[in-house]
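Here is the structure we will look at, set down as structure tokens.
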Amino acid sequence: MEIILLLIRLFLAAIFVAAGIGKFLDLEGAEKSVKAFGTPADLAKTFAVAIPFAEIVFGTSLLFVSVSWIGSVGVFLFLLVFIGGMIWQLAQGNAPECHCFGAIHSEPVSTKSLIRNIIFALLALFLVAQGKEKQGLSLEQMTNETLLQLILGLAIVGLLAAAMFYLKKIAGQQTQIMRRIEALEITLHEGGMLDRENLTDPREGLPIGAPAPDFALPDANGNKVSLGDLLSRGKPLLFFYVGPNCAPCAALIPEIEAWQSDLKDKVNFVFLSNGDSKENLEKFGAATEILLQEQREIAETYNARWTPTAFLVNPQGTIASHLAVGDAAIRELAEKIKTENLGRDFFYISNGDKSRIGESVPEFSLEDLRGKQIGTNDLQGKKTLVTFWSMTCPHCTNMMEELKDWDKQKGADEPNLIVFSDGEAEAHKDLELDSPILLDKDYKTAEKFGMYGTPSAVLVDENGTIVSETAIGAANIWALIGKRK
């Protein structure tokens, strides 16, 4: 029994000392992690140093039988706090980096990391339950025979761990090889490359915050499914635009299956494909939902032209990510979803572009062409399409007739319109808009909204909050109000 207690102490000591050293080697990451777990920003730096220091102290104390009980109590309490924090984050739908071993190893909080810490806590509790006087052999009491047994036991454990590590590594390499072989077989024997004519830049998806275009498509079992049906399930939708003859799509399936397991509590997976049901079920049978287009008519309404492509739609039915085109971009999107809090207001995932989504509209007060004072409070009570204009911009003048028609004919449930422009008042009178035109000299107010070109626009909700990224160009501006041009 005494040697078992010693082994538990050595194991927990190694874990805690390694964790502390790992955090000290990446203090920036440690600070980021404690912030993600809810520590106030002004205390984060202190906690980032105090936690690894305490881990090393408690871990080291387990090596000495005279203080190992105190160390085991400290380790147990530490683990209880970690477990409580993990449970709270998982309950909120979050998966921040646990940064458990700092620079040595880090991963998002998950059920696996939670179970691992519970096992460590049970081992520490076992030591605590033994009392101060029964902490097992001390290192100095060990006989040559006991030392030999310990070394032999540790060597066996080390060899088993090394064998498992290399078997896992070999299995991963084999999976990669099999995917490449599968992709080559599909390319060589099942029709080669897809027809990719009339394709646009892969980044030209709908702007974040635009309403997702509605549709009704048959699924692989012949049932009609609409966007509303999918949204009624209450989770964000992760769409994959694929094709039955797309080799990269087929090669990505094992990873998609793994994401479905990891993200099942956060998002629902939807495949947009074409062709007949049988071939799609053979290729993508693990998908929870396979919707079949006649050609690619629905994918095109989302500006998705390439396969494979993925994008996210939030439960309110608005676009929540840019298009992720190709396997590398899709993997990046999946990793961001793992760590993102999809339950927060105005959540979105971008490609790194700055956005003012979720911010209140900036303070401003300007006269419109009729002499009426328009200010921040006028952008409350109803959704508003805030556009930015220039009379010298040919793209602006090209969309003016359509804008005037919409302004005169829009229904009561459609957004208000406000136009910010520059120049002289006389030059704008011929626009004949019913909605206010505000002259914003040098675009000082436009900059506060995040506008740096014309024509551009953002959508503001009834509470005066910006709920879209900046839409640039006529097509994207119309997309913000659900109109496809």
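The values are calculated or read from the model by the stated rules, or taken from the named source; none is laboratory data. In this text the structure is predicted, and so the values were computed from the model without any measurement. FYI the Cβ positions are ideal-geometry reconstructions off the backbone, even for glycines, and counts take in every protein chain you see.
Kindly evaluate Lys485 against the criterion of being touching a helix residue (DSSP H, G or I) at 6+ places or on another chain (Cβ under 7 Å) and at pLDDT below 85. I'd like the intermediate steps shown before the answer.
Values: touching a helix residue (DSSP H, G or I) at 6+ places or on another chain (Cβ under 7 Å): yes; at pLDDT below 85: yes.
So Lys485 passes the test.
For the stretch 53-95, which residues satisfy the criterion of being in a loop (DSSP other than H, G, I, E, B) and within 20 Å of Leu6 (Cβ to Cβ)? Spell out how you get there, then give the answer.
Within the stretch 53-95, the subset in a loop (DSSP other than H, G, I, E, B) is 62-67, 92-95.
The answer is Leu62, Leu63, Phe64, Val65, Ser66, Val67.
Scan the stretch 355-375 and tell me whether some residue there is aliphatic (A, V, I, L, M), surrounded by 19 or more Cβ atoms within 10 Å (Cβ to Cβ) and in contact with an Asp or Glu (Cβ under 9 Å, 6 or more places away or on another chain).
Step one: of the stretch 355-375, the residues aliphatic (A, V, I, L, M) are 357, 361, 366, 369, 374.
Next, from what is left, pick out any that are surrounded by 19 or more Cβ atoms within 10 Å (Cβ to Cβ): 357, 361.
After this cut, where a residue has to be in contact with an Asp or Glu (Cβ under 9 Å, 6 or more places away or on another chain) as well, the list is 357.
The answer is yes, given that some residue of the stretch 355-375 is aliphatic (A, V, I, L, M), surrounded by 19 or more Cβ atoms within 10 Å (Cβ to Cβ) and in contact with an Asp or Glu (Cβ under 9 Å, 6 or more places away or on another chain).
Can you list residue pairs whose Cβ atoms sit under 7 Å apart, with the first residue in the stretch 322-351 being more than 21 Å from Ser261 (Cα to Cα) and the second being among the hydroxyl-bearing types (Ser, Thr, Tyr) and part of a loop (DSSP other than H, G, I, E, B)? Count only pairs 6 or more apart in sequence or on different chains.
Every condition considered, the pairs that remain are His322/Ser350.
Looking at the structure I just gave you, is Phe37 surrounded by 15 or more Cβ atoms within 10 Å (Cβ to Cβ), over 22 Å from the mean Cα position of the chain (by Cα) and not basic (Lys, Arg)?
Numbers: surrounded by 15 or more Cβ atoms within 10 Å (Cβ to Cβ): yes; over 22 Å from the mean Cα position of the chain (by Cα): no; not basic (Lys, Arg): yes.
So Phe37 does not fit the description; no.
How about the stretch 315-348: which of its residues are among the hydrophobic types (A, V, I, L, M, F, W, C), at pLDDT below 85 and under 11 Å from the mean Cα position of the chain (by Cα)?
If the condition is that a residue be among the hydrophobic types (A, V, I, L, M, F, W, C), at pLDDT below 85 and under 11 Å from the mean Cα position of the chain (by Cα), then Leu342, Phe347 are the ones that fit.
For the stretch 102-137, what are the residues that are over 28 Å from Phe37 (Cα atoms) and outside any helix (DSSP H, G or I)?
Gly131, Lys132, Glu133, Lys134, Gln135, Gly136, Leu137
Here are the criteria: (1) under 21 Å from Leu231 (Cα atoms); (2) touching a residue at least 12 places away in the same chain (Cβ under 8 Å); (3) surrounded by fewer than 21 Cβ atoms within 10 Å (Cβ to Cβ). Tell me which single one Trp306 does not satisfy.
(1)
Only one of these is touching a helix residue (DSSP H, G or I) at 6+ places or on another chain (Cβ under 8 Å), aliphatic (A, V, I, L, M) and farther than 21 Å from Asp26 by Cα: Val57, Val67. Name it.
On the way: Val57 fails: farther than 21 Å from Asp26 by Cα.
Val67 is the lone residue from the list that is touching a helix residue (DSSP H, G or I) at 6+ places or on another chain (Cβ under 8 Å), aliphatic (A, V, I, L, M) and farther than 21 Å from Asp26 by Cα.
I need every pair where a residue in the stretch 24-42 that is in the same structural domain as His99 (by TED's automatic domain parsing) and touching a residue at least 12 places away in the same chain (Cβ under 8 Å) has its Cβ under 6 Å from the Cβ of a residue that is among the aliphatic types (A, V, I, L, M) and outside any helix (DSSP H, G or I), sequence separation at least 6 or different chains.
Leu25/Ala103; Asp26/Ala103
Would you mind listing the helices (runs of 4 or more DSSP H) fully within the stretch 213-298 where at least 2 residues are over 25 Å from the mean Cα position of the chain (by Cα)?
Details: elements: 227-231, 247-262, 277-284.
Because the criterion is at least 2 residues that are over 25 Å from the mean Cα position of the chain (by Cα), the helices (runs of 4 or more DSSP H) in the stretch 213-298 that meet it are 277-284.
Collect the residues in the stretch 225-242 that are within 13 Å of Gln293 (Cβ to Cβ) and surrounded by fewer than 22 Cβ atoms within 10 Å (Cβ to Cβ), keeping them in residue-number order.
Across the stretch 225-242, the qualifying residue is only Val225.
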